[in-house]
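Peer 1: Sharing a structure with you now.
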Amino acid sequence: MLEFIHSNSSLIMLFSTVLIWLLVAVAFVVALPALWLLSRGLWPEMAVKHREVASRGLFKCFLFGLAPLVAGTILIAVLSKVPKMGALAVLVGGVMIAWGFLGSGGIAGLIGERLWPEAVAWRQMKHGGLTLVLCALLPVVGWAVLLPLMAVLGWGIVLRSWFLKPAPAPTPALPPELPAA
């Protein structure tokens, strides 16, 4: 009888572990595109700048994103060693992750623009975001490579967007001169 109870408790533990990871995956699928759409709705100019920066090349964004990665890691490590600062270290880590994923909305917008060019901008963001998040659900490669890469690229996109000069306003075309009568 004891063996039956022990085997069932390990089965229940396995089921609960699988359920927890399934709920985490569902949370990512819902939360990240929602974060990008919220950003698009609250700060449309910033979302357009992030998409513009992403379209100019992701390698530079990756290099720019390494600076916040290193600085944030050092800050979190220092804060976690200071007595009674563990909660602040967790808060800084959460803000850093949210900041990175907020910037990676530029990638979602770029993907949406390239795959659905006829759609309105917020639908491009939604469709591109869902595409990006579903790729991040790929086991191992998506979890261990794509999600952290999205955060690093997002930090770089945000940093590069601070230095992005706005496009010059188009000059209106002058009407052709009328011949003198």
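Peer 1: According to the square roots a ≥ b ≥ c of the eigenvalues of the Cα gyration tensor, what is the shape class of the stretch 25-162, taking rounded for a/c under 1.5, prolate for a/b larger than b/c otherwise, and oblate for the remainder?
Peer 2: prolate
Peer 1: Now for a different question. With an 8 Å Cα cut-off and a minimum separation of 6 or more residues, compute the relative contact order for the stretch 25-162 in percent.
Peer 2: The normalised contact order for the stretch 25-162 reaches 38 percent.
Peer 1: When only DSSP loop residues count, what trypsin sites (Lys or Arg not before Pro) in the stretch 59-166 have their Cβ near at most 15 other Cβ atoms within 10 Å?
Peer 2: The qualifying sites are Lys84.
Every number here is computed from the coordinates shown, using simple stated rules; none is lab data. Note that the structure is a prediction, hence the values are computed from the model and not measured. Reconstructed Cβ throughout: ideal geometry from the backbone, glycine too, with neighbour counts over all protein chains shown.
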